[in-house]
1. I'd like the Kirkwood hydrodynamic radius of the range 39-174, using the inverse of the mean 1/r over distinct C-alpha pairs, in Å.
2. Among Gly254, Val218, Asn289, whose Cα sits farthest toward the positive end of the charge dipole of the range 127-305 (+1 at Cβ of Lys/Arg, -1 at Cβ of Asp/Glu, about the Cα centre)?
3. Suppose the chain between Tyr165 and Glu193 were pulled fully straight at 0.36 nm per residue; how much longer would it get relative to their current alpha carbon spacing?
4. Hey, got the dipole for the range 100-207? About the Cα centre, +1 on K and R Cβ, -1 on D and E Cβ, debye to the nearest 20?
5. P(r) for the chain: what percent of alpha-carbon pairs falls in each 20 Å bin, starting at zero?
6. In whole percent, what relative contact order does the range 127-305 give with Cα contacts below 8 Å and a gap of six or more residues?
7. Net charge around Lys244, counting only other residues with Cβ within less than 13 Å of its Cβ (Lys, Arg = +1; Asp, Glu = -1)?
8. If you build the convex hull over the alpha carbons only and average its shadow over all orientations, what do you get for the range 127-305? Give it in nm² to one decimal.
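What follows draws every value from the coordinates through simple rules; no lab data is involved. Small disclaimer: the values here were computed from a predicted structure and weren't measured. Neighbour counts run over all protein chains shown; Cβ positions are idealised from the backbone, glycine included.
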Amino acid sequence: MERNNADPQDLPMAVEANQEGLQSNEDLHLVLVLRLPSFNLPLNDILRPHFHILDPADSPEPACSFLSNHAQSVRALICVGYTPVTAETLNLLPSLELIVASSAGVDHIDIQECRRRGIIMTNASTAFAEDAADYAVALLIDVWRRISAADRFLHAGLWPVKGDYPLASKLRGKRVGIVGLGSIGFEVSKRLEAFGCSIAYNSRMEKPSVPFPYYANVLDLAAHSDALVLCCSLTEQTRHIINKDVMTALGKKGVIINVGRGGLIDEKELVQFLLRGDIGGAGLDVFENEPDVPRELFELDNVVLSPHRAIATPESFEAVYQLILTNLKAFFSNKPLQSVYQIE
Ligand SMILES: O=CC(=O)O
């Protein structure tokens, strides 16, 4: 594969050291990092020995002129966090071939434009899968066993006043429908099987390698489930995949857990269903307009809320940095990439 020959005059970067010794920036492949200035991670330090990092957030130049002036020959871009990558941004990067997303979800990236341009994308759901799955299951157990609500009961000093706390619900024997059986959904299935739940799923395509019943339609999955766990990407096809009809099919005792994206659920409808008692409860780590959470939810004891933290542990971030490094090294040495996001 051809080397990237950025004009070193354009790049006000110092000479970098790598493990093999000192190399000038001219010898290192150029990698653009797009991040919000507030997103200060050790990622650049991990990458610098291996790549020549261009980071507009470190420059006083406005991002647009930085990209026009310095990034014309950039072939690989790291998108950190949920920094939007729009068609306008992509237009400033005519040589771009690869986007490495540091997130599991990629709905902040214009994937249709990437498809049109033939830009490959990798995401980080494999690195986040275990933590996201632990969290999804924790939310489900919390809603069914009412742990957070019981905690509030005790904190409010209500045990001596009101007596025994009401019984909650058992996990074993429950039917859980997983929406999106990618790496995160699959980890959820492994954990819930161990709790004695029966698993079914909906996904873009049936997966011949898994033993669980497949429902091509989320409505049918909901009708055969006690809980839905949402682990899929937010795309044009999945926006509001959990709508009024699906919630009705899930029924009054049904529970919804969301560790995907807020936009997967018609949130206004969800609030109404919960207020009317038309579904049994919800465990929500993501919301349609973060960080704004519908205030009505704060009053409901059958709802467990969390500020978009399912994937986040220091260990999972470390795994993401390593995944990013592996993918960039593979790309520049023309080897197979890990965790390629399949753009539909
Ligand atoms: O929500 C978290 C992620 O997409 O990484």
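1. Hydrodynamic radius (Kirkwood, Cα only) of the range 39-174 equals 18.9 Å.
2. Value: Gly254.
3. Going from the current span to full extension adds 7.3 nm.
4. Around 400 debye, computed over the range 100-207.
5. In order of increasing distance, the bins hold 29, 49, 21, 2 percent.
6. This gives 21 percent for the range 127-305.
7. -3
8. 10.5 nm²
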